[in-house]
1. What span do the alpha-carbon atoms of the chain cover on each of the three principal axes, reported in whole Å from largest to smallest?
2. Output the peptides 70-77, 48-55 sorted from most to least packed, where packing is the average of other Cβ atoms within 10 Å over each peptide's residues.
C-alpha cells in the first residue's frame with residue numbers, strides 16, 4: 001500500500017447553517033495523538049454557529065494545516081491522519 005493511501009486528509013466539508021467561512025477555535029488533539037472514529041479533533045467557529053470536526057477513521061494525526069485562530073473556508077484542508085492498520 002502506498003503512503004498516500006495510508007493518509008487521509010480531513011477537509012472542512014461543510015459548516016453549521018451553511019456558513020462559508022470561520023475561524024479555527026480549540027484544537028483538541030496534537031500531532032502524534034491517536035484518534036478513534038467519531039472523536040472530536042477541532043472546532044470551527046462562525047457567526048452562524050460552531051462546527052465540530054470529528055475523525056472519520058481510526059489512526060494517528062500526522063500534520064495540521066491550520067492553527068487556532070486561523071481563518072478557514074469550506075473546502076480547506078485542516079489536518080492529516082494516518083490510518084490505523
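Every number in this text was worked out from the coordinates using simple rules, so none of it is lab data. Computed from a predicted model, the values in this text were never measured in an experiment. Cβ: placed from backbone, ideal geometry, glycine included. Neighbour counts: every protein chain shown.
1. Cα spread of the chain along its principal axes, largest to smallest: 41, 20, 20 Å.
2. Working: 70-77: 14.2, 48-55: 15.9.
The peptides rank, most packed first, as 48-55, 70-77.
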